[in-house]
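What follows is a set of notes on a single structure, which appears directly below.
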């Protein structure tokens, strides 16, 4: 593991992995379950049959399920933030606006 990355970059990479890896696994399972029930050649889009190959439908289906699962994981990660993470001020003490109780004197 690289240790020369800044802490902010390391946390970003870690959070992306928390979102994308479980979504990848669940997306694969969801695709397998979906296509175990539905035949890709019988799917329609706006009433018209899809003219894609089976592999194309499987690929688009996987990326669709991966995207949906990624959105769910990202929302979970967003909503589990602590009050400190939500309410912290990103500005240093001397750059905070007038009237801010945490402004450096």
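Computing FRET efficiency as 1/(1 + (r/R0)^6) for residue 77 and residue 33, where r is the C-beta to C-beta distance and R0 is 35 Å, gives about 0.90. Relative to the dominant Cα principal axis of the chain, helix 54-79 is inclined by about 30°. Computed extension length for residue 44-residue 96: 13.1 nm, one decimal, from 0.36 nm per residue of separation with the Cα-Cα distance subtracted. Ordering 74-87, 22-35, 48-61 by mean Cβ neighbour count within 10 Å, with the highest value first, yields 22-35, 48-61, 74-87. Relative contact order, whole percent, for the range 15-105 stands at 31, derived from Cα pairs under 8 Å and 6 or more residues apart. Rounded to the nearest 10 degrees, the angle from helix 7-37 to the longest Cα principal axis of the chain is 20 degrees.
Every number here is computed from the coordinates shown, using simple stated rules; none is lab data. Being a predicted model, the structure only gives us computed values, none of them experimental. In this analysis, Cβ positions are derived from the backbone assuming ideal geometry, glycine residues included, and neighbour counts consider all displayed protein chains.
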